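A short worksheet on the structure shown next.
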Amino acid sequence: MTTRMNQIIAPGKVAVITGAAKGIGTGVARELGARGMRLALLDIDGDALEGVAGELGKDVLVFPADAANLDALFRFKNQIQARLGNVHLLVNNVGMTKHGGPWDAPEGWQDTMTTNFTAVLAGQHVFVPDMIASGQPGAIVNLGSKEGITTPPGNAAYSVAKAGVKVLTEQLAHDLLTVTQGRLSAHLFVPGYTWTPMNFPDTDFSRDIKPEAPWSVEQLVDYFMARLMNEDFYILCPDNEVTSEMDAKRIRWAMDDMIQNRPALSRWHPNWKSRFAEWMKK
C-alpha cells in the first residue's frame, strides 16, 4: 500500500538538507540518496559539502551558505526550483553548541540562537509556503534536542534555542494540519548521544574507534527513518546508555515539576536529586 510518506521519500522526489557537510546531515543525505531522492544540500563549510556531493554522485545540488541567511536561502531555493523542481522534504538539521549562561550578555547567546533556532525558522519561511502551494505531499523535519525538553543546567543558551525549536515545530505541525489537511506534516527529530563532530570535535572519524556509549550516525539514521516512515511527530532517539524508557521517565519528571510545584529543575536540586534517582529505579 502506498502511504503519504512513501510518496514523499521516493525516487525522483526532492529533499533539502541543511548542515549536510558532516555528521547527522551527511548520514541523512546518504540514506535519502540511496532511496533515489534528488538532493539539495546546504552547509557553511563549502569544501566539506563538495566532498559529500562527490560521494553521492549526480542529482546533488550544493550551496555553501549560512542556513540563517535569508538572502542566501532564497537564492538556494531559486536554484532548486530551476534545477530540481518542487521540494518534497525539508530537513532543518543545522546546529552547533556554544556556551551561554543565564546572565551572560545577549551577544554571547547570538551564535547559538541564530544557528539552532533562527536557521530553522528561516528554512520554514523560505520553503514551506511553496510546499503548501505545490499541492504535493511533503514533510518538514526539524532537529531538536533532549536539552530542549528536560532543559538540564549547564548551557542555558542551547536549551533555550532547542526548546524554541520544539515549540516552533509543534506549532508548524498544527498549522499545516489546518491548512493542508495532512498533505504536509512536520516532525521533531531528537537524537540521542551520537558519534558526530559536534559531540566529538577532536575526533578523526576515519581512524578513531567509536566509544561504547553513543550511537553511530548510521544507527541513528536507521531509527529516524523507521519512525519518519511511520509518520511519528516526536522522533525521540535512544542510544547505548539511555533507553526510550529512561527518556520517558526523565521527561515525565520534568513536566511534574510544574504539576507538583517542585523547585525548578528539581532533578538536579540538592533536596530532590536523590528522590529522582530513586524514582528512576522504580
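The values are calculated or read from the model by the stated rules, or taken from the named source; none is laboratory data. This structure is a prediction, so every number in the text was calculated from the model and none was measured. Positions of Cβ are backbone-derived with ideal geometry, glycine not excepted, and every protein chain shown enters the neighbour counts. The area values use the complete protein model at the heavy-atom level, side chains included, leaving out ligands, DNA and RNA. Shrake-Rupley method; radii C 1.70, N 1.55, O 1.52, S 1.80 Å.
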**Report entry** Coordinate range along principal axes, alpha carbons of the chain, Å, largest first
**Finding:** 60, 46, 42
Query raised in the report: Roughly speaking, what is the centre-to-centre gap between region 7-28 and region 44-82 when only Cα atoms are used, to the nearest Å?
Result: 12 Å
Query - Gyration tensor over alpha-carbon atoms, region 26-132, equivalent ellipsoid semi-axes in Å - result: 27, 16, 12
Report summary line: By accessible area (1.4 Å), largest first, Phe200, Phe205 order as Phe205, Phe200
Report summary line: Honestly region 208-282 on the Cα gyration tensor test (a ≥ b ≥ c root eigenvalues; a/c under 1.5 rounded, otherwise a/b vs b/c for prolate or oblate) is just oblate
Query - Net +/- balance of residues flanking Lys22 in space, Cβ distance below 9 Å, scoring K and R +1, D and E -1 - result: -2
Query raised in the report: How much of the DSSP beta bridge set in the chain is antiparallel, as a percent to the nearest 5?
Result: 0 percent
Query raised in the report: Label-point separation (nm) for Gln7 and Ala226, each offset 7 Å from Cα along Cα-to-Cβ?
Result: 2.7 nm
Report task. Can you spot the aspartates and glutamates whose alpha carbon is less than 20 Å from Lys273's alpha carbon? Ignore those fewer than 8 places along the same chain. Result -> Glu147, Glu241, Glu245, Asp247, Asp256, Asp257
Query raised in the report: Once the whole set of protein chains is in place, how much accessible area is left on Glu231, using a 1.4 Å probe, in Å² to the nearest 10?
Result: 70 Å²
Report summary line: Ser134 and Glu212 label points (each 7 Å along its Cα→Cβ direction) are spaced in nm at 4.5 nm
Query - Cα Rg over Rh - region 77-181, Kirkwood - result: 1.05
Query raised in the report: If Lys and Arg each add +1 and Asp and Glu each add -1, what is the summed charge of the other residues whose beta carbon sits under 14 Å from the beta carbon of Asn69?
Result: -2
**Report entry** Value of [θ]222 nm, deg cm²/dmol, for the chain, DSSP H segments ≥ 4, -39500 (n - 2.57) each, nearest 500
**Finding:** -14500 deg cm²/dmol
Report task. Kindly report, to the nearest 10 Å², the accessible surface of Val91 as traced by a 1.4 Å probe over protein heavy atoms only. Result -> 10 Å²
Query raised in the report: Want the number for His174 to Phe74: 0.36 nm per residue separation, take away the alpha-carbon distance, what's left?
Result: 33.5 nm
Query - Value in Å of the Kirkwood radius, where region 7-76 supplies the Cα pairs that are averaged - result: 11.8 Å
Report task. For Lys77, go through the lysines and keep the ones whose alpha-carbon is under 18 Å away, minus same-chain ones fewer than eight residues off. Result -> Lys13
Query - With DNA, RNA and ligands ignored, accessible area of Glu31 (1.4 Å probe; Å², nearest 10) - result: 50 Å²
**Report entry** Relative contact order [Cα under 8 Å, 6+ residues apart], region 1-64, whole percent
**Finding:** 32 percent
Report task. Could you sort out which of Lys210/Lys282; Lys98/Lys146; Lys58/Lys98; Lys162/Lys281; Lys146/Lys210; Lys58/Lys166 sit more than 25 Å apart by Cα distance in this structure? Result -> Lys210/Lys282; Lys58/Lys98; Lys162/Lys281; Lys58/Lys166
